[in-house]
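S.K.: Dropping the structure in here first, questions after.
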Amino acid sequence: MSLDLSTSTSIVLFGPPGAGKGTQAGNISIFTGKPQVSTGDMLRAAVKEGTQLGIEAKGFMDEGLLVPDNIIIGLISERMEQDDASGGLLFDGFPRTIAQAEELSKIANVSLVIMIEVPDEDIVERIVGRRMDPQTGEIYHVKFKPAPFDVSSRLIQRKDDTEDTVRSRLDAYHMQTKPLYDWYIEASKESHLRVISIDGRGSIQQVSELIENELRR
Ligand code: AP5
Ligand code: MG
């Protein structure tokens, strides 16, 4: 079944921390025309602005724990009210619990779930070497995607991108988020939902091609 880009359905991009969700989201967004919505980026913006929500979320994020469902669902409900949500959205890192997926199913029609699979042993190197450009939001990696020379002096490292925190994030992923995959597989049996699993171990370019091939089907 091919993805009908004319509909207002949404896409869920799913996978462990550092799998490449943010890296691949830009291309998928261009390909499908669906705006990217990253709950991680929204939470980091709230922390930076010092809003009440940011203050509540910060402790969880710094520890590598999931932010409580009610906070996340509130954020997404507000985001769904913006004009560009009417054509469907590309959710990056949301939902992350079955409770979040159940809430999402009440307010959006998800037609595609893309799972990027990367083994834990590859994750730490990806996370610890990640650098972000605060001006453009571009994601780099010291080894796998070095930044251009004129950008390198302004790069920042995410506060939760330490070896210790990534272990907690991986635990949270396996305990609370991974079960969602089976939940979506079950849901797909009774609906038009398509669930695809992408081998995320190749290069950034190889993973992009695998995803694009699936989207063209
Ligand atoms: P969030 O920001 O979503 O973090 P995450 O899920 O841990 O995922 P990342 O952003 O770390 O990884 P990514 O898959 O986007 O990888 P990227 O493309 O950057 O969430 C942060 C925190 O917010 C959570 O821990 C939680 O506290 C909270 N939160 C957010 N959403 C929540 C929710 N729904 N519910 C509850 N709490 C929530 O790539 C990583 C690195 O690898 C980069 O350097 C990149 O260049 C490199 N790379 C990418 N692809 C490849 C490749 N194929 N080969 C080699 N290197 C690669
Ligand atoms: Mg990300």
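The values are calculated or read from the model by the stated rules, or taken from the named source; none is laboratory data. From a predicted model like this one, the values you see are computed outputs, not experimental measurements. For neighbour counting, all protein chains shown are included, and Cβ atoms are generated from backbone atoms with ideal geometry for every residue, glycine included. Ligands, DNA and RNA are excluded from the accessible area calculation, which covers all protein heavy atoms including side chains. Shrake-Rupley method; radii C 1.70, N 1.55, O 1.52, S 1.80 Å.
S.K.: Among the residues of region 87-111, write down those that are in a helix (DSSP H, G or I) and β-branched (Val, Ile, Thr).
M.R.: Within region 87-111, Ile98, Ile107 qualify.
S.K.: Please count how many residues of region 4-55 are touching an Asp or Glu at 6+ places or on another chain (Cβ under 7 Å), without any contact (Cβ under 8 Å) to a residue 60 or more places away in the chain and either over 19 Å from Glu138 (Cα atoms) or not polar (S, T, N, Q) (or both).
M.R.: 2
S.K.: Just one of (1) under 20 Å from Thr165 (Cβ atoms); (2) part of a helix (DSSP H, G or I); (3) touching a Lys or Arg at 6+ places or on another chain (Cβ under 8 Å) trips up Leu66, so point out which.
M.R.: (2)
S.K.: Restricted to region 24-35, and to residues that are open to solvent by less than 70 Å² (accessible area, probe 1.4 Å) and in contact with a helix residue (DSSP H, G or I) (Cβ under 8 Å, 6 or more places away or on another chain), which residue is farthest from ligand 1 (Cβ to nearest atom)?
M.R.: Checked region 24-35; the qualifying residue farthest from ligand 1 (Cβ to nearest atom) is Gly33.
S.K.: Test of understanding: among Arg154, Arg167, Arg131, which residue is within 8 Å of ligand 1 (Cβ to nearest atom) and either farther than 23 Å from Ile11 by Cα or at pLDDT 95 or above (or both)?
M.R.: Arg131
S.K.: For region 36-72, what are the residues that are open to solvent by 40 Å² or more (accessible area, probe 1.4 Å) and of a type in the set (Val, Ile, Thr)?
M.R.: Selection gives Val47, Thr51, Ile55.
S.K.: Test Pro35 against the criterion of being away from ligand 2 (no atom under 13 Å from the Cβ) and either touching a strand residue (DSSP E or B) at 6+ places or on another chain (Cβ under 9 Å) or under 20 Å from Ala147 (Cβ atoms) (or both), and give yes or no.
M.R.: yes
S.K.: Next question, about the same structure. Taking Asp41 as the residue in question, decide whether it is modelled with pLDDT of 95 or more and either away from ligand 2 (no atom under 15 Å from the Cβ) or assigned to a strand (DSSP E or B) (or both).
M.R.: Judged against the criteria, Asp41 is not a match.
S.K.: Does Ile114 satisfy being aliphatic (A, V, I, L, M), within 25 Å of Gln206 (Cβ to Cβ), in a strand (DSSP E or B) and in contact (Cβ under 8 Å) with a residue 40 or more places away in the chain?
M.R.: Considered against the rule, which asks whether it is aliphatic (A, V, I, L, M), within 25 Å of Gln206 (Cβ to Cβ), in a strand (DSSP E or B) and in contact (Cβ under 8 Å) with a residue 40 or more places away in the chain, Ile114 comes out as yes.
S.K.: May I ask you to verify whether Met80 is of a type in the set (A, V, I, L, M, F, W, C) and within 30 Å of Glu212 (Cβ to Cβ)?
M.R.: Criteria met by Met80.
S.K.: Within the bounds of region 73-89, is there any residue that is surrounded by 15 or more Cβ atoms within 10 Å (Cβ to Cβ), within 30 Å of Val207 (Cα to Cα), within 16 Å of the chain's Cα centre (by Cα) and within 15 Å of ligand 2 (Cβ to nearest atom)?
M.R.: Taking every residue of region 73-89 in turn, none turns out to be surrounded by 15 or more Cβ atoms within 10 Å (Cβ to Cβ), within 30 Å of Val207 (Cα to Cα), within 16 Å of the chain's Cα centre (by Cα) and within 15 Å of ligand 2 (Cβ to nearest atom).
S.K.: Tell me, please, whether a residue that is more than 14 Å from the chain's Cα centre (by Cα), acidic (Asp, Glu) and farther than 29 Å from Ile204 by Cα can be found in region 62-71.
M.R.: yes
S.K.: Right, next: So which residues in region 63-83 are farther than 19 Å from Gly22 by Cβ and touching a residue at least 40 places away in the same chain (Cβ under 8 Å), if there are any at all?
M.R.: Those that are farther than 19 Å from Gly22 by Cβ and touching a residue at least 40 places away in the same chain (Cβ under 8 Å): Glu63, Leu65.
S.K.: State all residues of region 154-191 that are of a type in the set (Gly, Ala, Ser) and under 27 Å from Val128 (Cβ atoms); if no residue qualifies, say none.
M.R.: Result: Ser168, Ala172.
S.K.: Out of region 104-128, which residues are open to solvent by 10 Å² or more (accessible area, probe 1.4 Å) and closer than 18 Å to Ser8 by Cβ?
M.R.: Selection gives Ser105, Lys106, Ile107, Ala108, Asn109, Val110, Ser111.
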